[in-house]
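Structure, as structure tokens:
The values are calculated or read from the model by the stated rules, or taken from the named source; none is laboratory data. Keep in mind that this is a model prediction, so the values were computed, not measured. Positions of Cβ are backbone-derived with ideal geometry, glycine not excepted, and every protein chain shown enters the neighbour counts. Please note that ligands, DNA and RNA were not included when accessible areas were found on the heavy atoms of the full protein model with its side chains. Shrake-Rupley method; radii C 1.70, N 1.55, O 1.52, S 1.80 Å.
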Amino acid sequence: MGDTVYLAAAYGVFWLVSFIFIYSLVGRQRSLQKDVELLEQLAQDEARPE
Amino acid sequence: MASKAVLSQQEKSTASAASGLSWGAVLTVTSGILMLAALYMALIWAPDATNLTAPAERYAQRIFYFHVGSAWLGFLAFIVAAVASILYLVTRRDKWDIWALSSVEIGLAFFTTVIISGSIWAKPTWNVWWTWDPRLTISTICWLLYVGYLMLRGAIDNPDRQARFGAVYALLAGFSVPLNWMAIRWWRTIHPAVIAPGNNADESMGSFGMSANIQTTLLFCVIAFTVFYITLMYHRINLEQLQRRVDTLKQRLLYR
């Protein structure tokens with residue numbers, strides 16, 4: 001193994017965990033956006049006169 | 001009635017998102033630049049530690065900057081969670097529960113990198129991936145305690161009980177942070193205590209001298225990680241607030 005392999009692995013882990021965390025935030029944001037759109041649609045249907 | 005509530009909440013949410021956009025963007029760009037600068041300083045700008053002769057050990061020493069930065073972020077996040085939990089128990093305001101939960105999630109993510117990067121650094125320095133040293137053992141307990149916090153919250157359905165139990169738990173778990181910080185000062189350990197008056201260079205393995213440029217790089221990394229934490233908190237808190245609003249609206253629509 002090369003001398004820099006430990007350094008690369010440690011920094012790789014740091015960036016990987018950071019990106020996974022940020023990606024999970026984005027994923028939850030997208031899912032919430034869908035919920036908001038659904039609620040908006042429900043509200044509009046309810047507000048529409050019969 | 002419910003439709004009006006939905007629309008007004010939606011309008012409020014959109015308005016708050018629009019006014020918060022600029023702050024979020026500024027924080028995100030600033031922390032991105034700072035983290036890239038910290039990476040440059042840690043890998044290129046900082047000098048080699050003079051007392052480490054083996055090339056693998058010398059390169060691995062550069063793990064130090066992000067290892068300590070992540071540890072600082074984790075400790076800060078857990079302390080913020082403990083303080084927010086006290087504030088929640090005193091005021092019973094939902095805001096503090098959101099702060100505590102967001103902070104623990106962020107802290108746990110970065111404390112995971114501390115443990116993994118520490119293990120990777122240990123191999124070329126101590127010649128083992130892991131040893132049950134006081135600092136490493138307490139770090140593992142600390143990590144498990146906060147995994148337990150998320151599991152506890154996940155196991156309780158009632159939001160009020162979830163917040164109350166979570167606050168008491170986060171407050172108690174917060175004591176693991178000063179214990180973890182002091183572990184390398186109170187007990188004989190091979191983990192270096194580089195930031196300490198009269199450090200434990202005699203007992204520790206892989207200890208190195210802190211030259212001026214090493215200190216500058218470390219300080220810069222700590223600042224970059226602090227800004228990164230604030231940015232993540234900003235986004236995570238906004239997300240949790242939106243999540244709770246959506247949950248409330250769903251409940252209203254379901255039970256009207």
Checklist outcome for this item: Under the helix-only model (-39500 (n - 2.57) for each DSSP H run of 4 or more, divided by the residues of chain A), the mean residue ellipticity at 222 nm, to 500 deg cm²/dmol, is -32000 deg cm²/dmol
Checklist outcome for this item: Pseudo-spin-label distance B:T248 to A:L42, built 7 Å along Cα→Cβ, given in nm, is 1.5 nm
Checklist outcome for this item: 1/(1 + (r/R0)^6) with r = Cβ-Cβ of B:I141 and B:K95, R0 = 35 Å, i.e. FRET efficiency to nearest 0.05, evaluates to 0.75
Checklist entry - Going out from 0 in 10 Å bins, what whole percent of all Cα-Cα distances in chain B drops into each bin? => result 7, 25, 30, 21, 11, 5, 1, 0
Checklist outcome for this item: Sorting B:W96, B:I120, B:L253 by the position of each Cα along the dipole of chain B (Lys, Arg +1; Asp, Glu -1; all at Cβ), the one nearest the positive end of that ordering is B:L253
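Which number gives the lysine pairs in the protein assembly as shown that have C-alpha atoms under 22 Å apart and are eight or more places apart or on different chains?
Numbers: A:K34/B:K4; A:K34/B:K12; A:K34/B:K250; B:K4/B:K12; B:K4/B:K250; B:K12/B:K95; B:K12/B:K250; B:K95/B:K250.
Count of close lysine pairs: 8.
About the Cα centre of chain A, how large is the charge dipole given +1 on each Lys and Arg Cβ and -1 on each Asp and Glu Cβ? Please answer in debye to the nearest 20. Numbers along the way, then the final one.
On the way: 4 positive and 7 negative charges, 58 e Å.
The dipole magnitude comes to about 280 debye.
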Checklist entry - Can you give the angle from 0 to 90° between the axis of helix B:2-40 and the longest principal axis of chain B, with both taken from C-alpha atoms, to the nearest 10? => result 10 degrees
Item to check | Charge-dipole axis of chain B as Lys and Arg at +1 and Asp and Glu at -1 on Cβ define it, positive-most pick from B:S31, B:I138, B:T217 | outcome: B:S31
Checklist entry - For B:Y40 and B:T226, FRET efficiency with R0 = 22 Å and r from the beta-carbon atoms, rounded to 0.05? => result 0.75
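Could you provide, to the nearest whole Å², the per residue accessible area of chain B with probe 1.4 Å? Intermediate results must be reported in sequence, preceding the final value.
Values: 12590 Å² over 256 residues.
Computed with neighbouring chains in place, this is 49 Å² per residue.
How much net charge surrounds B:P124 when only other residues with a Cβ under 13 Å from its Cβ are counted (Lys, Arg +1; Asp, Glu -1)? Could you put the intermediate results ahead of the total?
Details: positive: B:R58, B:R62, B:K123; negative: A:D3, B:E57.
Net charge in that neighbourhood comes out at +1.
What is the projected area of the convex hull of the Cα atoms of chain A, averaged over all directions, in nm²? Before the final figure, lay out the partial values.
Numbers: hull surface 15.2 nm².
It is 3.8 nm².
Report the FRET efficiency, 1/(1 + (r/R0)^6), for B:V168 and B:A212, where r is their Cβ-Cβ distance and R0 is 45 Å, rounded to 0.05.
On the way: r = 45 Å, r/R0 = 1.00.
Efficiency for this residue pair is about 0.50.
Report the charge-dipole magnitude of region B:23-251 in Debye, nearest 20, computed about the Cα centre from +1 at each Lys and Arg Cβ and -1 at each Asp and Glu Cβ. Write down the numbers at each step before the final one.
On the way: 16 positive and 12 negative charges, 89 e Å.
Its charge dipole is roughly 420 debye.
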Checklist entry - Which stretch or stretches of region B:209-225 have amide N atoms under 17 Å from the point lying 7 Å from B:N51's Cα along the Cα→Cβ direction? => result B:209-215
Checklist entry - With each run of n ≥ 4 DSSP H residues scored as -39500 (n - 2.57), what mean residue ellipticity at 222 nm is computed for chain B after dividing by its residue count and rounding to the nearest 500 deg cm²/dmol? => result -27500 deg cm²/dmol
Checklist entry - Relative to the longest principal axis of chain B, what angle (0 to 90°, nearest 10) does the C-alpha long axis of helix B:176-186 take? => result 10 degrees
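For region B:32-101, what is the relative contact order in percent, using Cα pairs closer than 8 Å and at least 6 residues apart in sequence? Working shown, then result.
Details: 28 pairs, mean separation 13.8, N = 70.
Across region B:32-101, relative contact order equals 20 percent.
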